[in-house]
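One structure is given here, and the rest of the page talks about it.
Nothing in this text is a laboratory measurement; each read-out follows from the coordinates by a stated rule. Everything quoted here is computed from the prediction, not taken from an experiment. Backbone-built Cβ (ideal geometry, glycine too); neighbour counts: all protein chains shown.
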Amino acid sequence: MRFERIFDDLEGRFEHHEREEMRAVSEDLARAERAQLSLADRLRGAGDHPLTLHLGASLCLGGIVEEVGEEWLALREEGSAQRAIVPFVAIALVQGLPTRARPAEESLRSPLGLGSVLRAIARDRAVVRLETTAGGITGRIAAVGADAVDVNSLPTGEHATVPGSTRITVATASLLAVLPR
């Protein structure tokens, strides 16, 4: 009888040790999987959750993620059809981002690069506001290069080119967001 209790005790300890080891291994696997997720994966997984993006020191944009590219995202303001284009490098903080993620291979990730999206805006001749690290510029995108964007600025916010318009070149690295006007 005494040996049975000793064997039962040893068996219980062994089972407990096995469960603890399985739990530790699964936690390690979860951490390793989480370490592989990018911000883009998490933004793709945001679904209809409203987010607030903090860009630079003083610019905040709120809305719902509509599309995610390799280096940019389109954020649609709730209740509006207009969307802002935000380069990932401009994002400092994200509020409201859920923990779930959607890797690129599991979603309809946009194949367009930031330059392609900016060229589409230029083709539409839309008046936009470019928020940069040096301030904001209102105008039409005239040309998009590999690392810079030319903008015909509209100094007072007019919707047509007026005397006093200036062509300004914006380094893409300084771009925080392209907002509809």
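General observations
- For segment 52-72, backbone nitrogen atoms closer than 11 Å to the point 7 Å from residue 78 Cα along Cα-to-C-beta are found at 52, 62-64.
- Computed about the Cα centre, the dipole magnitude for the chain is approximately 1020 debye when only Lys and Arg (+1) and Asp and Glu (-1) carry charge, each at its Cβ.
- Rounded to 10°, Cα long-axis angle of helix 2-35 versus longest principal axis of the chain: 10 degrees
- Two-site label geometry, residue 99 and residue 146: point separation in nm, points 7 Å out along Cα→Cβ: 4.3 nm
- Helical content alone sets the calculated 222 nm signal of the chain at -9500 deg cm²/dmol, taking -39,500 (n - 2.57) per DSSP H segment of four or more residues and averaging over every residue.
- The protection proxy used here, the mean number of other Cβ atoms lying within 10 Å of each residue, ranks peptides 44-50, 175-181 as follows, highest first: 175-181, 44-50.
- Efficiency of FRET from Cβ geometry, residue 26 and residue 3, R₀ 30 Å, rounded to 0.05: 0.30
- A Gaussian network model of the chain, with springs between Cα atoms under 10 Å, assigns the largest mean-square fluctuation among 133, 166, 52 to 166.
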